[in-house]
Amino acid sequence: MKSSALALIIYLISTTGCTKDYNLNLGSPKTVYAIDGRISTMRGPYFVQITKSSNSLGRQGSFPTGLIDTTYAVKGALVVISDDMGVTDTLVPPPDYVDEYTYSYQNGKLDSTFESVSYGLYSYSQGYYQTTKIHGIAGHTYHLLIRIGTEEFHSTAYLPPVAALDSVALKDTIVDPDGSRGKLPLTYFKEPQNEKNYYMLQFMHDIREYPYDVTTGSFRYEQLILPYYTVDDKILSPYVNGLAVREIITSQYKYSRGLDYQFPPGMPIQVLLSSLTRDAYEYFTVIANQFEDDGSVYKPVPASAPGNISGGALGLFWATDVSYKLVD
Amino acid sequence: MRSIALVPGLLCCLLFQVINVDAQDIGKITISLELKNATLEEAFNKIENLTTLKFNYETSGIAGIKGINYRQTNVTVKKVLSDLLSHTSLQYEQVQNYILIKRTKTRSSKTVTIYGFVTAVNSGESLIGATVSITGDKTYSSVTNAYGFYSLTVPADDYMFSCSYVGFQDLETPIAAYETHRNNIELVTKESDALQAVMVTTSGKKSIVQSPITGSHQLKISDIKKIAMAGGEPDVLKSLQFLPGIQTSNEGTTNLSVRGGSYDENLILLDEAPVYNPSHTLGFFSAFNTDALKDVSIYKGVFPARYGGRLSSVIDIRMKEGNSREQAVAGGIGLLASRLTWEGPIKKNKSSFILSARYSNIGGLLNLGNSVHFIDARTSKNKVSFYDLNAKFNTVLSAKDRFYLSAYTGHDDFFLALLDNSRLMKWGNTTVTARWNHVFNPELFANTSLLYSNYNYSYVTLSDSRDFTWSAYLRELTLKTDLDWNINTKNLVKFGTGVTLQDVLPAKTEPGKISNTKEVSLNNRSSFQLFAYVDYEQKIGKPISISYGLRATEFAALGDALVYRYNADTTAVIDSTWYPKGKIIQSYFGAEPKITARVLLTSTSSLKFAYGRNYQFQHLLTNSSVGLPTDIWVPSDTYFKPQYSDQFTTGAYKTFNNNSWEASMELYYRKSYHIIDFRDNADIFLNNKIETQILPGQAKGYGLEFMLKKNKGRSNGWLSYTYSRALRQVNGVNNNKWYPPTYDHRHNFSLVFNHEVSKRLNFSANFVYRSGGHVTIPEGTYLFRRTRFLYYSDRNGYMLPAYHRLDISAVWAEKFKARRKWQGEWVLSVYNVYNRKNAFALFVSQDPYNLDTVKASEVYLTGIFPTIAYNFKF
């Protein structure tokens, strides 16, 4: 074989990395609605966000300082969630402040304070609506109805029961294929073999809203990670003996990988095991692929994430049973 | 009265007496005669000079007799004449001082067969496609087959026998064809360049105008070695991309799209055994070490009936047998990989072997570069390496029998953190072929082969607490026999039959050490195929030659297997049936007729028309345009119906200046049925209901291919232009509308140029221009959980910018020293001379610092890329 080392090294790096910006004009497609709705067995309220699609690639320019574009929000829609036990809940715009418990963890003890909390990012100006009375209960089915002007959208989501987490531990283990070590949260639970299950595994650094359906509590470095790690039970063993919770990280973030996996002692994290239906599993798996797309020709042709909302809307309506534990 | 009659009578007698008195008895006249490569006419002139005899003959009647070597002293003229005229159809009669030369027999209606093997004198390698001609009043010619065998049946007579092959000196010798006999030929190489001499060149002189076949090309291994390549490594599959109608789906890779077909539609054979994954390092290198190869032929579209099993093309690669005259070693050393080939006789002129090995460890270099911070490869634990081994043994068992045993094995390890840091992939091919040639009689040649192919592939997930090993394999065994029957020079029949057994494991997972996974395995898929073919080549009058054939295959998918039954749109299972081992689950019959007609307009130009149908009973489930080694091959079953295609081709061909130049133009149209594609976002991981993820459809394509080639002279090369369109339509994809595949390129222009500057210096250049391929871009964007995502509508609706580049290379051979056995050469090449950053891919993805924004980015492969290398042989 005849070649210089330099030549092929450059070539191979180029195979995956030499990129430059491309000026792409998406034309003017018809506007479609995007719906994001979730019901869970955690404490309510639950939220539905409605936005419009666009042909814009998004905000160009410098790193934002917390402002999220509000031009895509759809306000004034009729949003109704009903369950199979006769409860019908018409959603309302979220208030600016709500009185609820906030949690903290000190010296191995969980403590809470009742106070006024700002919803901040989950505001009506960004297209959010919240429930008022409905509860998420495992084994039941929920129905979403949205009416915007003359258009109507429906979706149905079953809330599958989840296997209960036996325990969670932070263990020192190999974090990267190159052998570097660090701490990872590991989960232990019994996996029912006689049924088909899909799971999502997540962890949160901020435990202030510990039992509430995740609202203001955020995933650390949320701008750089996608906290939707999905698992299919196809090859899971009957007892899961330390399945690590992973995050989907952008290729840029890989440069400074491991930042999110830093767990200072005494600082607790919350690990959540959520159940998914097949629709929800497929949706999150596809958006994770979009997230990881780096132009490699070894990846499949990209396609839209399949939603479960009829009427031609994008997005997902899902109902999930969550088992969660604290670990420090 | 009587006295008047007497006078003329007496006069005649007197004259006669006078003549008689001078007439000489040729049985008594002695001469000394020396002839060197003389014609019969020259011989007669010499005898006339030495005697008072005069020869009387028809010039045309003796013209064919030349090349006479004769040396005798003091022999009678009678003996000389007997010697000279033996083995000819002439006889002499002495009338006075005149020797009259006449034909002895009328042209006999008896026919004889001349047959044999054509080999290279230096190495004993058989020459494939050499032209053999017997010339007299008419010319009869043929071409040697894949084993160097030829057979010509001609009326009994004297002829000139000639044999030619590009790169070798033409052979011409008189032949007396009065009895059927074997005539083995050895040709001498033309070039004196030592390094070239042992390389067996290919492509006989039978011109593209004559043969009744369309869409075929042969590439000389020596030409492949001269074409400048990325990384400086000569590559069989990448060289084919410079030919018309053949393109790659992505730059730098070896996956071929032939006439708009996808890369799984090419049958790649190494010594007749199919190779399922012909590439190393994810398509960057092909799996063939050119040092071990003899010949590469590609048949596009309508291929001869003896080949079958794929829709688009057949790439027939033949290994060298090994020098049966002397030992030889050749190789190359490089930082990226090294090669070594050793060949030689086991029993001189009877048996020989060749062993060839190649090893590469690019990962080691990347790791070294990364650890000294020269480059950023993300980690110092990359693993990118491969090896391949070729071995061949052959022996002559008797005058009629020859036996060959060839084996190939190659293996890749691939973990490149830059590309996919979650898994280590491993894959490898092994092929073993055993072949037996038998010459039943001079007209009937048979080859029986037993072929075995094993392709296994796997990956290991790394550092994930769900770590497991996924693996799959494909094993195939074929027994077949091929016969060439030269009935007479107007009719040639090739026929054969065979059976193939195949066993596929589509997927299996096994837990790793610290695993939370269990072992899961999909059902094996077994199948068998029984096939037979007939290929008949017939000459009708002088200008028309028709080749028609039929290949018939009976395919059956076998148990043991659990077979599901699905609803109408294959989205759900409604039933399942268990089939025990060996029971037929589903069978299909495929008949593949082929016909090609060649009409000679003049002796150097022709028109051809062809139609053919091809079947393919296996399907590659690949979800990317280039393909991963972990893509799965599955045989046809109840839901995967066999794919088939119809192709129509027509072409015009002309050679100029005694074959120095050749030009061809071909038009084709093809339609394919039962092609498959995946649903959007298909789930193919360990899916035992994979049929729910597949959608069947159809494809069509048409195009124009033009090629102009210069074969002879110090400057040579070719120019090719292709205009093509390929489209597919699958219900469930792209809103059921026709869409182009990623490898559809409208225009494709290639120029390959080679110039021998001096005996030691050789210069090559190639230029490629290609219209952009197709990619899928989003229709719009939307927000979900404060991250911007994309939604799509059209598949492959966007065309990338055009691609073009220029490569050059120079080969400089060390001074040839007669007594020194070691010969070396330096190769300097520059890929992409004017540094154009051609678009390799286009994608839209989230801005890593700002997830509510997406960015469109273009990936380019490489700019200017120089390399230097050293080759040796001894």
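Give me the one-decimal nm value for the distance between modelled label points at A:ALA164 and B:VAL188, 7 Å along each residue's Cα-to-Cβ direction.
So the label points at A:ALA164 and B:VAL188 sit 9.5 nm apart.
Which of B:LYS225/B:LYS300; B:LYS190/B:LYS225; A:LYS52/A:LYS75; B:LYS542/B:LYS709; B:LYS66/B:LYS539; B:LYS238/B:LYS594 have a Cα-Cα distance over 21 Å?
Details: B:LYS225/B:LYS300 23 Å; B:LYS190/B:LYS225 18 Å; A:LYS52/A:LYS75 10 Å; B:LYS542/B:LYS709 26 Å; B:LYS66/B:LYS539 31 Å; B:LYS238/B:LYS594 29 Å.
Pairs exceeding the cut-off: B:LYS225/B:LYS300; B:LYS542/B:LYS709; B:LYS66/B:LYS539; B:LYS238/B:LYS594.
Which is farthest toward the positive dipole end of chain B among B:VAL844, B:SER216, B:GLY308, measuring Cα position about the Cα centre, with Cβ charges +1 (Lys, Arg) and -1 (Asp, Glu)?
B:SER216
What is the distance in Å between the Cα centroid of the stretch A:151-171 and that of the stretch B:27-99?
Using only Cα atoms, the two centres lie 108 Å from each other.
Does the stretch A:107-150 come out rounded, prolate or oblate, given a ≥ b ≥ c as the square roots of the eigenvalues of its C-alpha gyration tensor, rounded meaning a/c under 1.5 and, failing that, prolate meaning a/b above b/c? Intermediate values should be presented prior to the final figure.
Numbers: a/c = 3.64, a/b = 1.49, b/c = 2.44.
It comes out oblate by the Cα gyration axes.
Step by step: find N for the protein assembly as shown, compute 2.2 N^0.38 Å, then divide the Cα radius of gyration by it. What's the final number?
Values: Rg = 38.7 Å, N = 1202, 2.2 N^0.38 = 32.6 Å.
Working it through for the protein assembly as shown, the quotient is 1.19.
What nm value, rounded to one decimal, do you get for the distance between B:ILE68 and B:ASN37 when each label is placed 7 Å out toward the C-beta?
1.7 nm
Restricting to DSSP loop positions (anything but H, G, I, E, B) with no more than 16 other Cβ atoms inside 10 Å of their own Cβ, which trypsin sites (Lys or Arg not before Pro) remain in the stretch B:329-411? Write out the running numbers ahead of the final one.
Values: sites: B:ARG339, B:LYS347, B:LYS348, B:LYS350, B:ARG358, B:ARG378, B:LYS381, B:LYS383, B:LYS392, B:LYS400, B:ARG402; in loops: B:LYS348, B:LYS350, B:ARG378, B:LYS381, B:LYS400.
Here the sparse-neighbourhood loop sites are B:LYS348, B:LYS350, B:LYS400.
Based on the Kirkwood radius over alpha-carbon pairs, what is the Stokes-Einstein translational diffusion coefficient of the stretch B:626-692 at 4 °C with 1.567 mPa s viscosity, in µm²/s?
On the way: Rh = 16.4 Å.
Translational D for this selection: 79 µm²/s.
Using a 7 Å offset from the Cα along the Cα-to-Cβ direction at both A:ARG147 and B:GLN327, what is the distance between the two label points in nm, to one decimal?
Calculated label separation equals 9.4 nm.
Can you tell me what share of the DSSP beta bridges in the protein assembly as shown is antiparallel? A percent to the nearest 5 is fine.
On the way: 425 of 446 bridges.
So the antiparallel bridges in the protein assembly as shown amount to around 95 percent.
So if each residue of separation counts as 0.36 nm, and I subtract the Cα-Cα distance between B:SER398 and B:LYS110, what length gain in nm does that give?
Details: separation 288, 0.36 × 288 = 103.68 nm, distance 2.87 nm.
Result for the pair: 100.8 nm of gain on full extension.
Would you work out which of B:LEU628, A:TYR129, B:TYR721 lies farthest towards the positive end of the dipole of the protein assembly as shown? Charges go on Cβ: Lys and Arg +1, Asp and Glu -1.
B:TYR721
Run the paramagnetic zone check for A:LYS171: 7 angstrom along Cα to Cβ, then residues of the stretch A:190-213 with backbone nitrogen under 15 Å.
A:190
Roughly speaking, what is the stretch gain from B:TRP822 to B:ASN567, that is 0.36 nm per residue apart minus the C-alpha to C-alpha distance, in nm to one decimal?
Working: separation 255, 0.36 × 255 = 91.80 nm, distance 6.95 nm.
Stretched out fully, the B:TRP822 to B:ASN567 stretch lengthens by 84.9 nm.
What is the local net charge at B:TRP822, summed over the other residues whose Cβ is closer than 12 Å to its Cβ (Lys, Arg +1; Asp, Glu -1)? Display every interim value, and only then the final one.
Values: positive: B:LYS815, B:LYS817, B:ARG819, B:ARG820, B:LYS821, B:LYS873; negative: B:GLU814, B:GLU825.
Computed value for this residue: +4.
What's the center-to-center distance, using Cα atoms, between the stretch B:327-366 and the stretch B:290-325 in Å?
21 Å
Pop the C-beta distance of A:HIS135 and B:GLU519 into the FRET formula with R0 = 45 Å and round what comes out to the nearest 0.05.
Values: r = 41 Å, r/R0 = 0.90.
It comes to 0.65.
What's the FRET efficiency of A:SER28 with B:SER758 using the Cβ-Cβ distance as r and R₀ = 56 Å, to the nearest 0.05? Don't skip to the answer; put the middle values down first.
Working: r = 63 Å, r/R0 = 1.12.
E(calc), rounded to 0.05, equals 0.35.
Can you give the FRET efficiency for B:SER371 and B:ASN441, using 1/(1 + (r/R0)^6), R0 = 60 Å, r = Cβ-Cβ distance, to the nearest 0.05?
Details: r = 68 Å, r/R0 = 1.13.
My answer for the efficiency is 0.35.
Around B:TYR548, what is the net charge, scoring Lys/Arg as +1 and Asp/Glu as -1 over all other residues with Cβ under 9 Å from its Cβ? Before the final figure, lay out each step's value.
Working: positive: B:LYS594; negative: B:ASP535, B:GLU537.
Result for the local shell: -1.
For chain B, return all DSSP H helices satisfying: extent of Cα atoms along own axis at least 24 Å; mean Kyte-Doolittle hydropathy at least 1.0.
On the way: long enough: B:2-22 (30 Å, 1.54).
Membrane-span-like by this rule: B:2-22.
To the nearest 500 deg cm²/dmol, what mean residue ellipticity at 222 nm is calculated for chain B from DSSP H runs of n ≥ 4 alone, each contributing -39,500 (n - 2.57), summed and divided by the residues? Walk me through the numbers on the way to the answer.
Numbers: 8 runs with 70 residues, N = 874.
Estimated from H runs of four or more residues: -2000 deg cm²/dmol.
What percent do you get for the relative contact order of chain B when only Cα pairs under 8 Å and 6+ apart count?
Relative CO of chain B lands at 8 percent.
Using only the Cα atoms of the stretch B:221-326, what do you get for the radius of gyration and for Dmax, in Å?
Rg and Dmax of the stretch B:221-326, Cα atoms, are 13.6, 45 Å.
Return, for the Cα atoms of chain B, the radius of gyration and Dmax in Å, separated by a comma.
In order Rg, Dmax, the Cα atoms of chain B give 33.1, 143 Å.
Using the Cα centre of the stretch B:557-661 as origin and beta-carbon charges of +1 (Lys, Arg) and -1 (Asp, Glu), tell me which of B:SER605, B:VAL573, B:THR638 is placed farthest towards the positive end of the dipole.
B:SER605
All of the numbers you see were taken from the coordinates with simple rules; none came from a lab. Bear in mind the structure is a predicted one, so any value in this text is a computation, not a measurement. In this analysis, Cβ positions are derived from the backbone assuming ideal geometry, glycine residues included, and neighbour counts consider all displayed protein chains.
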